[in-house]
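Colleague: Have a look at this one.
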Amino acid sequence: MKLYTYFRSSAAFRVRIALNLKGLAYDPAFVHLAKGEHRKPDYATVNPQALVPALEDAGRLLNQSLAIIEYLDESRPFPPLLPKEAFARARVRSLSLLVACEIHPLNNLRVLQHLKRALGQSEEQVNAWYRHWIADGLAKLETALADPATGRFSHGDTPGMADCCLVPQVFNAQRYQCDTTAYPTIMRIHAECMKLEAFDRAQPGKQPDAE
């Protein structure tokens with residue numbers, strides 16, 4: 001397998017965690033977002049959406065991080081990243097989508113660049129935007145985790161897809177110096193995850209393309 005990735009991409013971070021949890025080896029192909037490499041014509045043949053991650057498996061290409069994680073779980077089912085029972089699977093998907101669809105898109109690199117370049121926002125204003133949506137989203141995630149189904153991890157006592165999403169979002173919050181004290185359950189789960197080699201090895205600062 002080949003993973004098109006960028007060390008600071010939280011979406012790629014999710015997939016790196018999933019691959020590590022599955023014990024799957026992959027060849028990284030680095031796409032430097034800050035340098036605009038995702039917009040070059042040769043990358044359009046890999047992912048016309050001009051985003052990372054993209055996963056190549058047996059000559060076939062797949063994009064969108066949650067689709068990739070679910071594909072990995074269905075094609076290599078052990079250890080599972082989603083529970084078997086239908087309602088539990090839906091809960092894990094709901095937690096994952098809260099991060100991937102409600103928090104992350106508003107703070108994606110292209111959004112932040114548009115705020116600066118097209119709308120003339122200062123660095124301070126952009127950072128305020130970022131922290132606002134982090135606070136809004138993490139507060140909702142904290143509430144969603146106040147559920148008996150939450151255990152050592154987001155769902156039960158084994159790491160899964162929701163944790164693959166939670167950890168990169170916390171890394172982003174910490175990078176922008178967001179106050180996370182109001183989210184004790186999130187931070188407890190994050191700490192539990194980072195005790196595991198699969199999460200630790202996937203973090204941005206440990207990637208070969210890290211600056």
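Colleague: From the residues 67, 49, 168, which one has its Cα farthest along the dipole of the chain in the positive direction, the dipole being from +1 and -1 charges on Cβ of Lys/Arg and Asp/Glu about the Cα centre?
Modeller: Going by the charge dipole, the pick is 49.
Colleague: Using 0.36 nm per residue, how much length does the chain from residue 40 to residue 111 gain when fully extended, once their Cα-Cα distance is taken away?
Modeller: Working: separation 71, 0.36 × 71 = 25.56 nm, distance 1.88 nm.
Stretched out fully, the residue 40 to residue 111 stretch lengthens by 23.7 nm.
Colleague: Given a 10 angstrom Cα cut-off, can you work out which residue in 199, 153, 87 is the most mobile in a GNM of the chain?
Modeller: So, out of 199, 153, 87, the one fluctuating most is 87.
Colleague: Of 35/116; 2/22; 22/84; 2/116; 140/206; 2/35, which ones are farther than 25 Å apart at the Cα?
Modeller: Numbers: 35/116 16 Å; 2/22 15 Å; 22/84 17 Å; 2/116 33 Å; 140/206 30 Å; 2/35 21 Å.
Going by Cα-Cα distance, 2/116; 140/206 fall outside the 25 Å limit.
Colleague: Kindly provide the helix-only [θ] at 222 nm of the chain, computed as the sum of -39,500 (n - 2.57) over DSSP H runs of four or more divided by all residues, to the nearest 500 deg cm²/dmol? Could you put the intermediate results ahead of the total?
Modeller: Details: 9 runs with 103 residues, N = 211.
That calculation yields -15000 deg cm²/dmol at 222 nm.
Colleague: Check which residues have an amide H placed less than 5 Å from residue 29's amide H, if you skip close sequence neighbours.
Modeller: Sorted by chain and number, the residues that satisfy this are 3, 4, 5.
Colleague: What list of ³J(HN,Hα) couplings, whole Hz, do you get for the range 172-186 from phi and the Karplus terms 6.51, -1.76, 1.60, once you set θ to phi - 60° and write x for glycine and proline?
Modeller: In residue order, the calculated couplings are 4, 4, 5, 4, 8, 6, 6, 7, 10, 5, 7, 10, x, 5, 4 Hz.
Throughout, read-outs are computed from the coordinates displayed, never taken from laboratory work. Keep in mind that this is a model prediction, so the values were computed, not measured. Cβ coordinates were reconstructed from backbone atoms using ideal geometry, including for glycine residues, and neighbour counts include every protein chain displayed.
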